[in-house]
Each structure stands twice: as structure tokens, then as C-alpha cells.
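*Asks:* The following block contains the structure, expressed as C-alpha cells.
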Amino acid sequence: MNNHQKSMMGNYLKHNPVVAVAIILLALISLAVYSIMHWDEHQIAQYIQVDDCQIAKTSCIVALDKDTSIKVNILPRGIPETDTLSIFIDTQGERIDTASIVFEGIEIDTITPEYRLYKKNDTHFSGKGFLAICSLSKMHWIAHIIVIKDSKVWKISFPFEKNILPKGR
């Protein structure tokens, strides 16, 4: 671009603020879309799929490595869509730095916000969360626990099923 073209472009943007605002908005929208599409890029070092424990019915214990395990508990039992969920993580062995949870719906492609779990002491994290309300009579979900320990990120996935019975049954 030569000096004359740069001068014309500068004059055009100076006298046409709508174009300048549109360019800025386009850049911000592009950044937001990129961020949303890459929400799950915590640089996950280890994925653990838990199929031998029903997180909706009981607490589950998972070994992260040879030095650390976590106990995950989600209340109330059954993980109802209409109630606030209380999520608890207790560590055994080496401590973890942070923990959070995301719920992913399968039949209706949906993901809840990432709910942060707050450190209560060296071994205990807790927080609140919600499922999205679904009108299906049966829905499969995955509770993804995201744990960070010594800058290494684990994603522990607990699949579970929700059956919604009509009232009066």
C-alpha cells in the first residue's frame, strides 16, 4: 500500500466512523467465536473416562496418578435438573491446585458453563452447578471434572443417564 492509498484509507475511516466501528466489532466477534470454540483447550495432559461408577447415584473415587486420587460427590442424588447441585471433591495423597466441572448433554448438544469449585482447605473443594433443563424423557450426560495439579491438567469424565418420568407415575 503506497502513501497515497494509506492517506485515502485514513481519511475514509476518519470521516466514516461506522466503518471503523464495524471493523472493530468484526474483530471482537471473531475473537469471541474463537474463544467459545476453544473453551475446552486447557492443554489437557490426561483424560480419564470413568465407566465403573455411577456419579448420579453415588460418590466416585478416581486415581489421577500414583500419588493422588480424588473423591467426587454430586448432590442431591440423581442430579436433578431443577435443583442447585452441590459438588464436592476431596483429595487423597498429593494436593491438587484447582478444580472445576462442566456438564455436557449428548442427545441435545449442550454444554453448561464451567463451574469453579472453591478450595475450602488443603484437601477439599466445593461449589454449585446446574444442569440445563431438557424436555426429553431420557437424556445422557457427561460430568467433566477438570483438575490442575502442578500445572498438569486432568479431565475426568463421568457419563450418566437421566430419566424424567411424567408427574403422577
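The values are calculated or read from the model by the stated rules, or taken from the named source; none is laboratory data. The structure displayed is predicted, hence computed values, not measured ones. So basically every Cβ, Gly included, is an ideal-geometry build from the backbone, and we count neighbours across all protein chains shown. Just so you know, the surface numbers come from the protein's heavy atoms only, side chains and all, with ligands and any DNA or RNA stripped out. Shrake-Rupley method; radii C 1.70, N 1.55, O 1.52, S 1.80 Å.
*Asks:* Looking only at region 76-132, count every residue that is among the aromatic types (Phe, Trp, Tyr) and farther than 21 Å from Ala63 by Cβ and tell me the total.
*Replies:* Here the count works out to 4.
*Asks:* Still on this structure, please answer the following. Can you tell me how many residues within region 110-119 are in contact with a Phe, Trp or Tyr (Cβ under 7 Å, 6 or more places away or on another chain) and open to solvent by 20 Å² or more (accessible area, probe 1.4 Å)?
*Replies:* 2
*Asks:* Does region 62-85 hold any residues that are among the aliphatic types (A, V, I, L, M), within 18 Å of Arg116 (Cα to Cα) and without any contact (Cβ under 8 Å) to a residue 40 or more places away in the chain, and which are they?
*Replies:* Listed by number, the list holds a single entry, Leu75.
*Asks:* Right, Glu107: open to solvent by 30 Å² or more (accessible area, probe 1.4 Å) and over 19 Å from the mean Cα position of the chain (by Cα) or not?
*Replies:* Against the criterion (open to solvent by 30 Å² or more (accessible area, probe 1.4 Å) and over 19 Å from the mean Cα position of the chain (by Cα)), Glu107 does not qualify.
*Asks:* Quick one: in region 86-140, which of the residues that are in contact (Cβ under 8 Å) with a residue 12 or more places away in the chain and aromatic (Phe, Trp, Tyr) is farthest from Glu161 (Cα to Cα)?
*Replies:* Phe125
*Asks:* Looking at (1) more than 23 Å from Ala45 (Cα to Cα); (2) open to solvent by less than 20 Å² (accessible area, probe 1.4 Å), which one does Lys162 not meet, given that it meets all the others?
*Replies:* Result: Lys162 passes all but (2).
*Asks:* I need the strands (runs of 3 or more DSSP E) fully contained in region 38-96, keeping only those with at least 3 residues that are open to solvent by 30 Å² or more (accessible area, probe 1.4 Å).
*Replies:* Details: elements: 44-49, 60-63, 68-75, 85-93.
The qualifying strands (runs of 3 or more DSSP E) are 44-49, 68-75, 85-93.
*Asks:* Go through region 126-155 and give me each residue that's more than 18 Å from Tyr115 (Cβ to Cβ) and aliphatic (A, V, I, L, M).
*Replies:* Leu136, Met139
*Asks:* Restricting to region 120-141, name every residue that is buried (at least 17 other Cβ atoms within 10 Å of the Cβ), assigned to a strand (DSSP E or B) and under 18 Å from the mean Cα position of the chain (by Cα).
*Replies:* Phe125, Gly127, Gly129, Trp141 - these are the residues of region 120-141 that are buried (at least 17 other Cβ atoms within 10 Å of the Cβ), assigned to a strand (DSSP E or B) and under 18 Å from the mean Cα position of the chain (by Cα).
*Asks:* Kindly evaluate Lys155 against the criterion of being among the charged types (D, E, K, R), surrounded by 15 or more Cβ atoms within 10 Å (Cβ to Cβ) and more than 18 Å from Pro80 (Cα to Cα).
*Replies:* Values: among the charged types (D, E, K, R): yes; surrounded by 15 or more Cβ atoms within 10 Å (Cβ to Cβ): yes; more than 18 Å from Pro80 (Cα to Cα): yes.
Taking the combined requirement at face value, the residue satisfies it.
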